[in-house]
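I have placed the structure first, in the form of structure tokens, so that the comments after it can refer back to it.
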Amino acid sequence: MREDVDWILGNCQVWAIVGLSDNPSRAAHGVARFLQQRGKKIVPVHPSAETVHGEQGYASLADIPFEVDVVDVFRRSEDAGQFADEAVAIGAKAVWFQLGVVDDAAYARAKDAGLRMVMDVCPAIEWRSR
């Protein structure tokens, strides 16, 4: 998994962040800001399609009108698999399941489809440990 973590952090510029809203008390809000401060383009994905950190939000991954490199999922484990499948459908290069998000079947599906995949880790923590 370390190889996938390093590859995603080094090669993925456009991060669709599933579950990102304009609520500063949520972990996704801080992680999105962290990624943005490191030069990554963030794309909020939330049913309310809110603008977050100055970036236009979209209600779903399918609504994003440009290519996405990585789909970063801040949702419960039982809901996460659908976003891995949607990442495959939109042609993303990678899927990142945040801390506490684990779905072994979704992991296998994403890897089988040729995507880089990590789960139960945080990019802000991993960035600092590089």
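Read the figures in this text as sums done on the coordinates, not as results from a lab. Note that the coordinates shown come from a computational prediction; the quantities given were computed from them, not determined experimentally. Positions of Cβ are generated from backbone atoms using ideal geometry, with glycine treated the same way; all protein chains shown enter the neighbour counts.
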Worksheet entry | Of Ala106, Val73, Gly54, farthest towards positive along the dipole that unit charges on Lys, Arg, Asp, Glu beta carbons give segment 2-128 | Gly54
Worksheet item: Counting only Cα, what are the radius of gyration and maximum Cα-Cα distance Dmax of the chain, in Å?
Response: 13.0, 35
Response to the item:
From the Cα centre of segment 1-25 to that of segment 44-58, the distance in Å is 15 Å
Worksheet item: Which percent, nearest 5, of DSSP beta bridges in the chain are antiparallel?
Response: 5 percent
Practice prompt. Kindly provide the pair-distance distribution of segment 25-65 built from C-alpha pairs, with 5 Å bins from 0 and whole-percent values in order of increasing distance.
Written response: 6, 25, 30, 25, 11, 2
Worksheet item: HN-Hα J couplings of segment 77-92 from phi, Karplus 6.51/-1.76/1.60, θ = phi - 60°, integer Hz, Gly and Pro as x?
Response: 3, 5, 9, 5, x, 4, 6, 5, 5, 5, 4, 4, 4, 8, x, 5
Worksheet entry | Percentage relative contact order, the chain, counting C-alpha pairs under 8 Å, at least six apart | 23 percent
